Amino acid sequence: MVEELSRMNQELSDEIDKRKRKEEELEKERSNLESLIKQKYLLLRELNHRVKNNLQVVKSLLNVQIDLASSPEIADTLDSFSGRLDALVSLHKLL
């Protein structure tokens, strides 16, 4: 009887140790995943910032070309494109 209790006690102790190790592994994995999520969030923010800046540069260059257009037809065409670019900028803001 004592031997049986001693054996069961050892099994329980082993199980507790096993679960503690598993909890530690899970905690490390959770921490790693949180770190990856933060990193991806920062990268996505940086990407969105760069896209926004690039769209603004294109818009500015287009406005310069509209001002320098040699004919009203060219200015109208560029202005039409400017409207499409504005729509793209608005869509990017929504995303």
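Quick one: which residue in SER6, SER13 is out of contact with any Cys (no Cβ under 7 Å at 6 or more places or on another chain), modelled with pLDDT under 95 and polar (S, T, N, Q)?
Unique residue meeting the criteria: SER6.
Go through the stretch 9-47 and give me each residue that's under 30 Å from SER90 (Cα atoms) and either touching a residue at least 12 places away in the same chain (Cβ under 8 Å) or among the hydrophobic types (A, V, I, L, M, F, W, C) (or both).
Matches in the stretch 9-47: LEU36, ILE37, LEU42, LEU43, LEU44, LEU47.
When you go through LEU5, LEU44, LEU26 one by one, which is the residue that is loosely packed, with under 10 Cβ neighbours inside 10 Å and part of a helix (DSSP H, G or I)?
Result of the check over LEU5, LEU44, LEU26: LEU5.
Return the pairs, sorted by first residue and then second, in which the second residue is of a type in the set (Ser, Thr, Tyr), the first residue lies in the stretch 50-61 and is on the phi < 0 side of the Ramachandran plot, the beta carbons are less than 9 Å apart, and the residues are 6+ apart or on different chains.
So the pair list comes out as LYS59/SER82.
Those residues that are over 22 Å from LEU94 (Cβ atoms) and surrounded by fewer than 13 Cβ atoms within 10 Å (Cβ to Cβ), I need them from the stretch 48-79; list them, please.
At the first step, the residues of the stretch 48-79 found to be over 22 Å from LEU94 (Cβ atoms) are 61, 63-79.
LEU61, VAL64, ASP67, LEU68, SER70, SER71, PRO72, GLU73, ASP76, listed by residue number.
So which of SER13, SER35 ends up being over 36 Å from the mean Cα position of the chain (by Cα), over 30 Å from LEU78 (Cβ atoms) and in a helix (DSSP H, G or I)?
Working: SER35 fails: over 36 Å from the mean Cα position of the chain (by Cα).
Of the residues listed, the single one that is over 36 Å from the mean Cα position of the chain (by Cα), over 30 Å from LEU78 (Cβ atoms) and in a helix (DSSP H, G or I) is SER13.
The values are calculated or read from the model by the stated rules, or taken from the named source; none is laboratory data. Owing to the predicted nature of the structure, the values given are computational and were not obtained by experimental measurement. A quick note on method: Cβ atoms are made from the backbone with ideal geometry, for glycine too, and the neighbour counts reach across all protein chains shown.
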